[in-house]
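Reviewing the structure listed below.
The values are calculated or read from the model by the stated rules, or taken from the named source; none is laboratory data. What you are looking at is a predicted structure, and each value in this text was computed from that prediction instead of being measured. Cβ coordinates were reconstructed from backbone atoms using ideal geometry, including for glycine residues, and neighbour counts include every protein chain displayed.
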Amino acid sequence: MTSVEIHTRKGRPLGLLEKYQLSKQLTQAYGNITLTAQLEHPSLYSSNDKNLEKVHQLAFAPALTRMIDMHANLSLTVRDKEESTAHLVQLDTIDLADNVRLTNLTSLQELIVEQTSAEFDIDSLLPLWRMRIMPQTPTSCTVVFAVHHIIADGMSLTIFWNDFLQQLNTKHTTAKEEELIVHVKDSAIPLPYEESGAPSLSLAWDVVPILCHSLIPKLLPTAVARYVDPISYDGWKGDFPAIDGEAHNTDVRLISVPRDIWKPIMNEAKRQGISVHAILFMSMMLTWARLYPDQTTTEVSTPINCRGSCNPPVPNNQIGNFVGAYTSVWTGKQLQRDIWFLAKKYNNDLNKNKLDGAKQPLFLKYLPEFPASYCDFWFDKRKNSALGRAGGIELSDLGRFSCKQGAWTAKSMYFCQSAQTFTNAFTLNSITTNDALFCSLSWQIGSLDIAKMNKFHDTFIAILKNIPLKEN
């Protein structure tokens with residue numbers, strides 16, 4: 001194919017969350033987010049076809065071209081990455097042959113590890129997403145969609161897959177080879193979260209208490225600071241110390257919970273008036289408590305989709321960064337209570353604190369400069385935390401994925417994000433598809449006792465199997 005010259009169009013400065021995500025790459029703190037789908041589809045090739053990569057590229061190209069027209073973020077990249085002038089630009093051309101490739105791997109877990117870990121080259125003239133395809137039969141394949149967190153949050157992954165499958169099902173055609181070159185329409189880049197009607201911060205009620213909480217312990221003697229802010233000192237931070245200068249190096253374990261186990265739990269959660277997310281959260285926490293029975297306290301982060309917190313609400317089909325976080329603290333003693341009691345407590349606390357969670361990213365505006373202050377945000381965690389990381393756990397739950405069924409169907413999906421080298425010791429990533437639960441457990445290699453992580457699957461499944469359910 002003849003090479004094509006690629007240019008960029010004027011974009012806009014990076015928003016707060018976009019700077020935050022870029023600083024992770026600058027400090028080797030974190031990599032990518034991925035959502036992998038195992039697809040069933042119409043027959044794409046015969047035994048005579050030799051170039052299966054081209055077959056899949058041509059099959060996906062028409063739908064991807066329409067997706068790029070629909071979502072401006074899919075045609076973006078970054079310029080001036082290490083300067084105060086860091087900004088987004090739009091590519092005028094995308095060669096899908098560069099972004100949609102076959103893999104030589106045959107293991108689903110290895111494919112997810114590879115694509116979750118491999119950083120994007122943000123100095124190139126490529127968009128900040130890619131697809132890797134693992135063909136299985138002429139009517140089935142596995143596709144991992146990887147994206148840089150600068151241009152998308154976790155919910156954006158489900159938005160992409162929902163729209164992509166709809167495009168494949170409603171207008172599926174096979175492209176000609178020259179159609180792998182996408183000429184991108186000039187379109188407006190969506191505004192960042194803080195300019196999209198995000199909740200406003202109150203200096204007295206939001207900012208000052210946070211500043212006091214973070215600053216005062218640093219000014220006090222250690223013994224007193226430990227009393228004022230115990231989680232920073234005594235909270236669970238992993239098994240082994242972080243290594244200065246280490247890059248993110250993600251290990252992953254996959255967990256699938258079949259429909260016959262997960263669907264009754266979902267029904268019981270509905271009956272009890274709480275979210276399915278809440279009972280999933282407590283199942284994770286009870287798993288942690290069994291693997292770490294001697295640990296007394298841990299901090300847990302729950303990412304929150306903040307589109308609905310904006311005024312007016314940001315549409316739920318808009319790709320971008322609209323994510324906040326709710327943080328809770330749990331003790332081993334608390335986790336001895338009944339799982340439904342704990343799930344209701346968490347469900348209520350999460351709902352009460354969603355607005356505060358939506359405000360959380362806005363504190364980034366108090367970092368005085370990019371990139372120095374943003375990078376120091378991460379380096380300070382290495383210097384000021386036991387084991388060199390802030391520690392704790394994250395549950396990143398994409399909820400239920402539902403898409404109108406058609407000739408192209410997702411049979412299972414796995415959400416995964418790379419390890420964090422400065423903060424969470426591990427992350428459980430989850431999505432419900434076809435009434436089954438699919439999870440990935442990800443952590444920084446060398447930070448946790450791998451024998452314990454290898455027990456996570458069986459311990460987690462055993463807890464789910466023993467959740468009390470109302471008898472029919």
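Key figures for this structure:
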quantity	calculated
Residue selected from segment 274-305 under the condition touching a residue at least 40 places away in the same chain (Cβ under 8 Å) and either part of a loop (DSSP other than H, G, I, E, B) or not assigned by TED's automatic domain parsing to the domain that holds Trp340 (or both), by the criterion surrounded by the most Cβ atoms within 10 Å (Cβ to Cβ)	Ile274
Top-ranked residue of segment 29-43 - restricted to ones that are aliphatic (A, V, I, L, M) and in contact with a His (Cβ under 7 Å, 6 or more places away or on another chain), ranked as modelled with the highest pLDDT	Ile33
Considering residues of segment 13-48 that are small (Gly, Ala, Ser) and surrounded by fewer than 20 Cβ atoms within 10 Å (Cβ to Cβ) only, the residue nearest to Leu398 (Cα to Cα)	Ser43
Residue that is farthest from Thr432 (Cα to Cα), among those in segment 242-266 that are charged (D, E, K, R) and under 22 Å from the mean Cα position of the chain (by Cα)	Glu246
Residue check for Ala407: part of a loop (DSSP other than H, G, I, E, B), surrounded by 18 or more Cβ atoms within 10 Å (Cβ to Cβ) and among the hydrophobic types (A, V, I, L, M, F, W, C)	no
Restricting segment 422-445 to residues that are in contact with a helix residue (DSSP H, G or I) (Cβ under 9 Å, 6 or more places away or on another chain) and outside any strand (DSSP E or B), the residue that is surrounded by the most Cβ atoms within 10 Å (Cβ to Cβ)	Ala425
Members of segment 129-154 found to be aliphatic (A, V, I, L, M), in a loop (DSSP other than H, G, I, E, B) and surrounded by fewer than 24 Cβ atoms within 10 Å (Cβ to Cβ), listed by number	none
Any chance Leu191 is assigned by TED's automatic domain parsing to the domain that holds Pro361, surrounded by fewer than 22 Cβ atoms within 10 Å (Cβ to Cβ) and part of a loop (DSSP other than H, G, I, E, B)	no
Residue in segment 56-74 that is assigned by TED's automatic domain parsing to the domain that holds Glu179 and in a strand (DSSP E or B) present	no
Residue satisfying all of: in segment 292-334; aliphatic (A, V, I, L, M) and modelled with pLDDT under 95; nearest to Asp163 (Cα to Cα) among these	Ala325
From the options Thr116, Thr85, residue that is crowded, with 17+ Cβ neighbours inside 10 Å, β-branched (Val, Ile, Thr), outside any strand (DSSP E or B) and assigned by TED's automatic domain parsing to the domain that holds Val143	Thr116
Test for Ile463: is it surrounded by fewer than 24 Cβ atoms within 10 Å (Cβ to Cβ), more than 19 Å from Val113 (Cβ to Cβ) and modelled with pLDDT of 95 or more	yes
Some residue of segment 250-267 being surrounded by fewer than 17 Cβ atoms within 10 Å (Cβ to Cβ), farther than 28 Å from His148 by Cβ, modelled with pLDDT of 95 or more and touching a helix residue (DSSP H, G or I) at 6+ places or on another chain (Cβ under 7 Å)	yes
Segment 312-348 - residue that is under 23 Å from Asp69 (Cβ atoms) and of a type in the set (A, V, I, L, M) and, of those, surrounded by the fewest Cβ atoms within 10 Å (Cβ to Cβ)	Val314
